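Worksheet: the structure to be examined is printed underneath.
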Amino acid sequence: METQANATMKKAVLGLNCVILAIGNCGGPLIMRLYFVRGGKRIWFSSWLETGGWPIIFIPLTVAYLNRLKTGGATTKTQFFSMKPRVFIISAAIGVLTGLDDYLYAYGVAKLPVSTSALIIATQLAFTAGFAFLLVKQKFTGYSINAIVLLTVGAVILGLHTSSDRPEGESNKEYLLGFFLTLAAAALYGLILPLVELMYLKAKQAITYTLVLEIQMVMCFFATAFCTVGMLINKDFQAISREAKEYELGEGKYYLVVVWSAIVWQCFFLGAIGVIFYSSSLLSAIIITVLLPVTEVLAVIFYHEKFQAEKGVSLFLSLWGFISYFYGEIKHNTNNKNVQNDSLQTELTQSREGSQMELTQTAAP
């Protein structure tokens, strides 16, 4: 009963992290695009906002610490942070990679429509699958390979049709650079997710959800520090007040967009790392991919973006790839369960036969 209750709780928390990830995954690109389409021009500042809300994580960490104080007793020494140096160093390194990924992604959103960048980011699933295979020994199936091919072809189709999708006043060179940097962002984050899972496996300390929050905070801190260096070099800090005054929606709404951007992006990173903890990096990538149609529809509604035929084909291929992969995972898990059940049934049968033989031998004169 206790094991069943723990499994139910695990599924509930996993579901909560999926919801948090969904909010960040759909809201993050939209609010970032709002910053750019209404007059924002600072790419380093925009990338800084993706992880700049890291102090928010102090709230759940403080709640967890106070809870440990109550349950730990007077004789138990309770520390606010449980992270060991090894995990801290690895988290910091992954954080720097995250900062680089933030910049690549922000540049793409600045140059591409949300619907286009979202479709390119869908290729992240393929990259995650590949790196998960190399780093955490994720097994491939025909379905996962099919998904990789479909997602890649979908991205190539977008790349071949740039003229009708290019925002007004933007050169073909800028568009293509945005396209390839967004693709690079998808590849890099496809590496980061399995790296986080590998860190969990090699941590050499008990991985709790509190520790997951600490890891997330360290990663976001170092990602923000990386982007802060870029802002200093680009003199973004001096330009923020001037940009706010010139913002189309007004100075007050400029800062509102900035604050909410930081909050919503924290939902994305917190949800992604939580899903990895309770499941796998691959499931995290799958959820990000399956939310693609939602982001597509919202971009068309809020920003009146064009939805050309090539986007429709790319979206179809992306969804086909996702369904293929997801179906393969369900079939694989079902087969594993059947094998386990057959093995258990065989063991029970052998146990019964052994018991009957013992009884027979005991009853014999």
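Read-outs throughout are calculated quantities, based only on the coordinates presented, and are distinct from any laboratory measurement. Not measured: the values here are computed from a predicted model. Glycine gets a Cβ as well: all are built from the backbone with ideal geometry, and neighbour counts include every protein chain shown.
Assorted remarks:
- Listed values for the stretch 205-220 are Karplus-derived 3J(HN,Hα) couplings in whole Hz (6.51 cos²θ - 1.76 cosθ + 1.60, θ = phi - 60°), namely 7, 4, 8, 10, 5, 4, 5, 4, 5, 5, 4, 4, 5, 5, 4, 5, and x replaces Gly and Pro.
- Couplings 3J(HN,Hα) of the stretch 223-228, computed from phi: 5, 5, 4, 4, 6, 4 Hz, in residue order, whole Hz [Karplus 6.51 cos²θ - 1.76 cosθ + 1.60, θ = phi - 60°; x for Gly and Pro].
- Between N67 and I89, full extension at 0.36 nm per residue minus the direct alpha carbon distance yields a gain of 5.2 nm.
- Diffusion constant of the stretch 64-119 at 37 °C, which comes from Stokes-Einstein with the Kirkwood Cα-pair radius and 0.692 mPa s, µm²/s: 219
- For the stretch 110-116, 3J(HN,Hα) computed residue by residue from phi via the Karplus equation (6.51, -1.76, 1.60; θ = phi - 60°) reads 5, 9, 10, x, 4, 4, 6 Hz, glycine and proline entered as x.
- Loop-resident GluC sites (Glu not before Pro) (DSSP state other than H, G, I, E or B) in the stretch 261-327 with no more than 13 further Cβ atoms inside 10 Å of their Cβ are absent.
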